[in-house]
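Colleague: Okay, here's the structure, questions in a sec.
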Amino acid sequence: MIKTERILHLKSCRGRKVRVVREHYVRERVPCFSALCQADCDNDGKVLPGDLTHYVVPDVGVVVDYLEILEFRELQGIVFTQTACQAVQHSKGRRQYNRLRNLLKDPRHDCVLFANEFQEYSYCPREKGESQEKWQTRCVYSAAVWYHNHLAGMMDIVMITEDQDAVAQFSSLSSGVYVVSVQDYLSNFWMELHAAHELYNSISQALEEKESEGTEKEYTEHLPSEILEAGIKSGRYIQGVLNVNKHRAQQEALITTQASSNKNTDLSRDVLVYGGKNRNRAVHGDVVVVELLPKSEWRGKVTSLTERQGDEKTGEDEKSKPMPTGYVVGILQRNWRDYVVTFPPREATQSQSRNSQRILAIPWDPRIPKIRISTQQADALQDHRVVVRIDSWESTSLYPNGHSVRVLGRAGELETEIQTILIENFIHVPPFSEAQLKEMPVNSPEKPWKVHPSQVASRRDLRGTHLVFSIDPRGCEDVDDTLSVRTLDGGKLLELGVHIADVTHFVPEGSLTDLEARSRATTYYLADRRYDMLPAVLSADLCSLLGGVDRYAMSVLWELDAHTLEVTKVWYGRTLIRSSYQLHYELAQALLNREDTEVPELAPLSPEEKDAKLAELTQALEMLTHVARHLRAQRDRGGALELEGVEVRAQLDAEKNITALVPRQPLEVHETVAECMIYANHWVARKIQKTFPHQALLRHHPPPRQEFFSQLVDSAKARGFTINTSSNKALADSLDRAVDPEDPLVNRMLRMMATQAMSQALYFSTGAQSQEQYYHYGLALDHYTHFTSPIRRYADMIVHRLLTAAVDLDKGLSPAVALATNKELEETTQHINNKNRAAQRAQKLSIELFQCLYFKERDPQTDPSCVADAAIYAIRDNGVLVFVPQYGVKGPVYLKNRDGEVVTVGQDGRCEWKTGSVKRYSEHISTTCSSGTSTFTLFDHITVRISVQPSRCHADSLNLEIISNKPHKSAESQQPHSQGRSQLVQEVVRQAEEASQQAQERASRGPRLSKEEREFCQSKTPNLYSLLEEIRELALMDVGACRDCFMNIMYTFYS
Amino acid sequence: MAGLELLSDQGYRLDGRKATELRKVQARMGVFAQADGSAYLEQGNTKALAVVYGPHEMRGSRSRTLHDRAVINCQYSMATFSTAERKRRPHGDRKSTEMSLHLKQTFEAAVMTQLYPRSQIDIYVKILQSDGGNYSVCVNAATLAVIDAGIPMRDYVCACTVGFVDETPLADLCYAEESGGVSSLALALLPRGGQIALLQMDARLHQDHLETLIDAAMTACKGVSKVLDEVVRQHLQEVSVLTRE
């Protein structure tokens, strides 16, 4: 090592200039991360392949401004210099820097970081009077030359820069190192990569625009960060995340403060930021700093319903009581992401832009302001949805500047809309790459996959001893959980077993598949398709615990006392199983009910054998049900909640058109399976928490904030019920009591409100929370995790690895791979939580999309299916919020339109629009006009007409219009809750028959369709997805947990 | 400011060292003829001068005299030009007093004071340039000065600071690292026996990490001791050449 010194001039905390001398050590050996290295560099981790035509060394300016282009996976052999990385860190902030770091860490990208400033021969000290940019360029160039020499001239090095002087200065200096501009580079080496060219043009145009900004100020300048930090510490300013109101995006935004940043208890509430000027260029999601306005200028939130188009309408609306109001003085952290925008049609373009290249594009998310894009393709992009990024928002411009990245397609087309939903929720699901698929084991007719003998030796073999079976939805291909139950010791003991697919056996930690699964975190279910977390060979075949084949599993086996059902022994470990029966819910229920049914696995057997086997199976099922009832009762005593979501199933025909929206019915067997899974999750959580007290992944559900319950309590009061929200037990009990015999919907709606008040269940690392916070409120369990669905949840895979390590430790073996530390695990859990939330949102949006498609095809005036019964669940100033049980739709109904007319009810209950006034009370709302007064009370049933409100730039939405204040006549017959259970079963069977008929039809249509099926609906009937909507509604659960026993969620917080 | 990345993903620190690497140590003994012992030591950009007087009779208040061993009197000060902004008060402030006390404790553990009953040994250390790790540089410089004075010690006393960043211990922190919010630990070691003369830490650290941190500090101290040993041998060689002639 050689020591040199670096002299820096820094600003001291008091603003004075200080001369700081820092040491700088350079060394001869710095790893080059190239496969061609001749000098035995210590290259661990990612290595650039040796078979490329050249390596690219981007200059500082290129990395800072054009990082997005370097993110293309097609570009290979990129060497980032340390100089460039530090420049990004300094000039672009932490977010951009982290992006670069992730890029470097990602094994899918072919790029490395070279610490050029610590290399003896590539380091060049800054000369006196040399500008920073020149020095940086010189550093990068010298790094490029070093690479060329280090690799003994075997690889050409291309340095790309935007500095024309550098091109002139360096290009002829040494052979083998070429200095070219980005544009030349792209056009010489990547002619075919049009996306990169377009992106380049779009970014450079945006940069040019930035230089030619006007000077008139539209906004006040942000304060420098030192002042902001000092202000936050002294309590003058408040820090928080900007949350724009979806319905009044231009006016209202709330600052959600973090508890740590504000010490004043009276400011524990959120702060309102009203109007664009006060918001001062902050965009939804940014971390901002606000200063409060004087109390006289405080104002309240607008509580009346606003229609989408009526954004500008303000003024005489009634306000709630004033709340702290402030204005943004600075932004700590931008949270810009990729936005989907729609280019306006031609005529609108011309009217509002000074030169025709600049276009104000309207984001799909109404909370985001319009974005100014400079492009020459304005004509071509009319009415298209385009992905854009915001580059900057100067105080001189009314709107932010951005550049376009990618065109999605024409607005309104299904494919475009689905892509939009994915991008708006940061879901990135490219097809699995070659390299990832190469890691997979093969199972083809020519080369069938077999159980490995070494695995047979190391696993507990349950094939001969246990009767293992699975219960899943009909047509399920990825079976990740199976059950077994048997008696031991002549009936004194029961042995209950839950066997989960051993995914981690096939996916080693750190493999490409593992990394891809981690970045996806979950399988995404949309209304008409799904995106798998793992490649199909695993999810639908080798990991799937199909009937009649040998599979690897992770098992939990409990020995229970046959009478008291106390656990006497638990065994965890890897096993080898063969599932005997692949049942579906309806079949299992039929077996339990002792109905005559045909089990397909038994069909070829002789009648006597069949009866014996059937009896065995039925007995096992009954035993299971018995145990599950007991477990459920145990949890109920602890205070487990039963909550209600909107459960509707969209029935799709072969072309994936929705033919009907059908509510789903629950069966007891769902509950049984769910209970066993909860039990397994619980015990695994206990095990891993005990073995790894600081680094186990658990799932908790924090108790809800009491103030969120106010709507529930108030609404219940309107019907004379009291709801006690002091604990989960009290809440569960009082919800059970709040039943209106006349109207079963009341209870459902109350449960729905309770659900909305809940906080979200989250994964966490045990090292990051204190022991009291492990509690799962909804399930009333002190430890909980996710273990039972590793095929579609990454969290389960982590838990599997933890459990394996724990079992190994018990055997005295040390784990092969070091476990993630608390900090790493906490980061992973954050990531998974975010992805789960995104998955839920995407799912909900896709459901809404399909709902709109369903109603779009129908004429609201004539089609009877557009008229439905609705119940009022909340009152607003100018209307009510209603719930349509038939379709699971919630939405506003206006009682006053913009012309000042109100709804009046005629003699026969028909509604008309007349001039009048609306008056709101706490439990009802009444409209007055010349012909009389009509009142709408909470929980009233009314009839609404559903129509689609088309929107060009945003998603279509459903519009509800009141047509009568009487319940819709056919409504009662569709109430599933008023029917008996046996009827329910019949109903389900009938539906199942219909479904199978459909399946037959589908099969007869030939291979084209089945390919589609394979592509989009790999393992189950498409209809199920919509059901998952309710999971999102519950907001506590995640998609995966509920898929296999999706109906149980109405009963349990199975999450 | 959390903006500084103290340890890069590739394992480099701000100044290009790896986690366990020390700064460059350079030292000279016998820089002043007037004093009984003296030494100058540079550890990276932290530079210190140590001077030893004694053992001699007690001066000042005789009441402090110990009948069975020598009293060690330490004084630590920083030059006004030692930091980036000129220091107002070179010595006597609370920090210096505390540092003096720490030095005193360290050397009481190392010097064989029982050989000099009723006498006094003065150790004066001045920081000429400060760039982190002041305490350890002082201890190392003072060790050399004490050796130069010919006062018997049990062993070299070697000191080093270590910090804890991203679950990795960093040896020999520089100023930028020290001020970057790292929980750091200073350790003075008698390397041959592995005895700890002083251990000081003001920051919060999880108990689980303490052991790794101390281990790293010990390794670093042993590295320092090798350098000091070399300096002493070099010095002896020079001196013996001179005296022979």
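Colleague: Before we move on, is residue B:16 in contact with a helix residue (DSSP H, G or I) (Cβ under 9 Å, 6 or more places away or on another chain), buried (at least 19 other Cβ atoms within 10 Å of the Cβ) and either within 13 Å of chain A (Cβ to nearest Cβ) or closer than 18 Å to residue A:26 by Cβ (or both)?
Modeller: Answer is yes for this residue.
Colleague: Is at least one residue of the range A:155-172 touching a residue at least 24 places away in the same chain (Cβ under 8 Å), more than 17 Å from residue A:62 (Cβ to Cβ) and open to solvent by 10 Å² or more (accessible area, probe 1.4 Å)?
Modeller: yes
Colleague: Filter the range A:568-591 for residues that are touching a residue at least 60 places away in the same chain (Cβ under 8 Å) and of a type in the set (A, V, I, L, M); which is most open to solvent (accessible area, probe 1.4 Å)?
Modeller: Among them, the one singled out is A:570.
Colleague: Here's another thing I want to ask about it. List the number of the failed condition for residue A:68; all other conditions in (1) surrounded by 22 or more Cβ atoms within 10 Å (Cβ to Cβ); (2) more than 11 Å from chain B (Cβ to nearest Cβ); (3) under 26 Å from the mean Cα position of the chain (by Cα) hold.
Modeller: For residue A:68, the exception is condition (1).
Colleague: Something else: In the range A:97-118, what count of residues is obtained for those that are assigned to a helix (DSSP H, G or I) and either among the hydroxyl-bearing types (Ser, Thr, Tyr) or open to solvent by less than 40 Å² (accessible area, probe 1.4 Å) (or both)?
Modeller: At the first step, the residues of the range A:97-118 found to be assigned to a helix (DSSP H, G or I) are A:97-105, A:116-118.
This time we only want the ones that are either among the hydroxyl-bearing types (Ser, Thr, Tyr) or open to solvent by less than 40 Å² (accessible area, probe 1.4 Å) (or both), so: A:97, A:100, A:103-104, A:116-118.
Qualifying residue count, the range A:97-118: 7.
Colleague: Just to be sure I understand the filter: pairs with C-beta atoms under 8 Å, separated by 6 or more residues or on different chains, first member in the range A:89-100 and within 11 Å of another protein chain (Cβ to nearest Cβ) and more than 11 Å from residue A:63 (Cα to Cα), second member among the basic types (Lys, Arg) and outside any helix (DSSP H, G or I). Which pairs pass?
Modeller: A:93/A:334
Colleague: Only one residue in B:170, B:189, B:198 is closer than 26 Å to residue B:37 by Cα and either without any contact (Cβ under 8 Å) to a residue 12 or more places away in the chain or in contact with a Lys or Arg (Cβ under 8 Å, 6 or more places away or on another chain) (or both), so which one is that?
Modeller: Only one candidate passes the filter, namely B:189.
Colleague: Filter the range A:12-65 down to the residues that are of a type in the set (Val, Ile, Thr), in contact with a helix residue (DSSP H, G or I) (Cβ under 9 Å, 6 or more places away or on another chain) and within 11 Å of chain B (Cβ to nearest Cβ) and list them by number.
Modeller: Listed by number, the residues that qualify are A:20, A:26, A:30.
Colleague: Next question. What tally of residues in the range A:101-125 results from selecting those that are among the small types (Gly, Ala, Ser) and either more than 10 Å from every other protein chain (Cβ to nearest Cβ) or over 12 Å from residue A:29 (Cα atoms) (or both)?
Modeller: Residues meeting the conditions: 1.
Colleague: Report whether or not residue A:754 is closer than 11 Å to residue A:709 by Cα and of a type outside the set (Asp, Glu).
Modeller: Numbers: closer than 11 Å to residue A:709 by Cα: yes; of a type outside the set (Asp, Glu): yes.
So residue A:754 fits the description; yes.
Colleague: Taking residue A:140 as the residue in question, decide whether it is touching an Asp or Glu at 6+ places or on another chain (Cβ under 6 Å) and buried (at least 22 other Cβ atoms within 10 Å of the Cβ). So that I can check it myself, show each step before the final result.
Modeller: Working: touching an Asp or Glu at 6+ places or on another chain (Cβ under 6 Å): yes; buried (at least 22 other Cβ atoms within 10 Å of the Cβ): yes.
Yes: the conditions hold for residue A:140.
Colleague: Looking at residue B:25, is it β-branched (Val, Ile, Thr) and farther than 28 Å from residue B:180 by Cβ?
Modeller: no
Yes/no per residue for (1) surrounded by 15 or more Cβ atoms within 10 Å (Cβ to Cβ); (2) assigned by the TED database to the domain that holds residue A:960; (3) at pLDDT 50 or above; (4) not β-branched (Val, Ile, Thr):
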{"site": "A:292", "(1), (2), (3), (4)": "yes, no, yes, yes"}
{"site": "A:296", "(1), (2), (3), (4)": "no, no, yes, yes"}
{"site": "A:299", "(1), (2), (3), (4)": "yes, no, yes, yes"}
{"site": "A:309", "(1), (2), (3), (4)": "no, no, no, yes"}
{"site": "A:318", "(1), (2), (3), (4)": "no, no, no, yes"}
{"site": "A:322", "(1), (2), (3), (4)": "no, no, yes, yes"}
{"site": "A:328", "(1), (2), (3), (4)": "yes, no, yes, no"}
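For every residue, the table says whether it meets (1) hydrophobic (A, V, I, L, M, F, W, C); (2) more than 14 Å from chain A (Cβ to nearest Cβ); (3) in a strand (DSSP E or B); (4) open to solvent by 10 Å² or more (accessible area, probe 1.4 Å).
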{"position": "B:159", "(1), (2), (3), (4)": "yes, yes, yes, no"}
{"position": "B:162", "(1), (2), (3), (4)": "yes, yes, yes, no"}
{"position": "B:170", "(1), (2), (3), (4)": "yes, no, yes, no"}
{"position": "B:180", "(1), (2), (3), (4)": "no, no, no, yes"}
{"position": "B:210", "(1), (2), (3), (4)": "yes, yes, no, yes"}
{"position": "B:213", "(1), (2), (3), (4)": "yes, yes, no, no"}
{"position": "B:225", "(1), (2), (3), (4)": "no, yes, no, yes"}
{"position": "B:235", "(1), (2), (3), (4)": "no, yes, no, yes"}
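Colleague: Taking residue A:6, is it under 28 Å from residue B:174 (Cα atoms), at pLDDT 65 or above, assigned by the TED database to the domain that holds residue A:112 and open to solvent by 50 Å² or more (accessible area, probe 1.4 Å)?
Modeller: It is false that residue A:6 is under 28 Å from residue B:174 (Cα atoms), at pLDDT 65 or above, assigned by the TED database to the domain that holds residue A:112 and open to solvent by 50 Å² or more (accessible area, probe 1.4 Å).
Colleague: Please tell me if residue A:791 is open to solvent by 10 Å² or more (accessible area, probe 1.4 Å), among the β-branched types (Val, Ile, Thr), under 19 Å from the mean Cα position of the chain (by Cα) and modelled with pLDDT under 90.
Modeller: Criteria not met by residue A:791.
Colleague: Quick one: which residue in A:809, A:825 is open to solvent by less than 40 Å² (accessible area, probe 1.4 Å), of a type outside the set (D, E, K, R) and either assigned to a helix (DSSP H, G or I) or on the phi > 0 side of the Ramachandran plot (or both)? Walk me through how you get there before you give the answer.
Modeller: Details: A:809 fails: open to solvent by less than 40 Å² (accessible area, probe 1.4 Å).
Residue meeting the stated conditions: A:825.
Colleague: So for the range A:596-608 (the condition being surrounded by 14 or more Cβ atoms within 10 Å (Cβ to Cβ) and in a helix (DSSP H, G or I)), does at least one residue qualify? Write out each step before concluding.
Modeller: Of the residues in the range A:596-608, the ones surrounded by 14 or more Cβ atoms within 10 Å (Cβ to Cβ) are A:597, A:599, A:601-602, A:605.
From the residues that got through so far, the ones that are in a helix (DSSP H, G or I) too are A:601-602.
Yes - at least one qualifying residue is present in the range A:596-608.
Colleague: Residues that are open to solvent by 50 Å² or more (accessible area, probe 1.4 Å): list the helices (runs of 4 or more DSSP H) wholly contained in the range A:703-786 that include at least 3 such residues.
Modeller: A:710-718, A:728-737
Colleague: Regarding residue A:554, is this residue touching a Pro at 6+ places or on another chain (Cβ under 9 Å), buried (at least 16 other Cβ atoms within 10 Å of the Cβ) and aliphatic (A, V, I, L, M)?
Modeller: Working: touching a Pro at 6+ places or on another chain (Cβ under 9 Å): yes; buried (at least 16 other Cβ atoms within 10 Å of the Cβ): yes; aliphatic (A, V, I, L, M): yes.
When the stated conditions are applied, residue A:554 passes them.
Colleague: Kindly indicate the residue of the range B:37-60 that is of a type in the set (Gly, Ala, Ser) and open to solvent by less than 20 Å² (accessible area, probe 1.4 Å) and also farthest from the other protein chains (Cβ to nearest Cβ) among those meeting that condition.
Modeller: B:54
Colleague: On to the next question. So, of the residues in the range A:853-888 that are part of a strand (DSSP E or B) and under 12 Å from residue A:947 (Cβ atoms), which turns out to be farthest from the chain's Cα centre (by Cα)?
Modeller: The residue in question is A:867.
Colleague: I've got another one for you. Quick one: residue A:132 ticks every box in (1) touching a Ser or Thr at 6+ places or on another chain (Cβ under 9 Å); (2) away from every other protein chain (no Cβ under 12 Å); (3) among the polar types (S, T, N, Q) except a single one, so which number is it?
Modeller: Result: residue A:132 fails condition (1) only.
Colleague: In the range B:1-12, how many residues are under 29 Å from residue A:233 (Cβ atoms), facing chain A (nearest Cβ under 9 Å) and surrounded by 18 or more Cβ atoms within 10 Å (Cβ to Cβ)?
Modeller: 1
Colleague: Report whether or not residue B:112 is out of contact with any helix residue (DSSP H, G or I) (no Cβ under 6 Å at 6 or more places or on another chain), under 16 Å from residue B:197 (Cβ atoms), open to solvent by less than 40 Å² (accessible area, probe 1.4 Å) and not aromatic (Phe, Trp, Tyr).
Modeller: no
Colleague: Here is a follow-up. Name every residue in the range B:19-36 that is more than 13 Å from residue B:171 (Cα to Cα), within 12 Å of chain A (Cβ to nearest Cβ) and in contact with an Asp or Glu (Cβ under 6 Å, 6 or more places away or on another chain), in order of residue number. Working first, answer last.
Modeller: Applying the first criterion (more than 13 Å from residue B:171 (Cα to Cα)) to the range B:19-36 yields B:25-36.
Subsequent filtering for residues that are within 12 Å of chain A (Cβ to nearest Cβ) retains B:25-26.
Once the filter is applied, which keeps residues that are more than 13 Å from residue B:171 (Cα to Cα), within 12 Å of chain A (Cβ to nearest Cβ) and in contact with an Asp or Glu (Cβ under 6 Å, 6 or more places away or on another chain), the range B:19-36 yields only B:26.
The values are calculated or read from the model by the stated rules, or taken from the named source; none is laboratory data. What you see is a predicted model; the values in this text were computed from it and never measured. We place every Cβ from the backbone using ideal geometry, glycine too, and count neighbours over all the protein chains shown. Side chains are part of the model used for accessible areas, which takes the heavy atoms of the whole protein and leaves out ligands, DNA and RNA. Shrake-Rupley method; radii C 1.70, N 1.55, O 1.52, S 1.80 Å.
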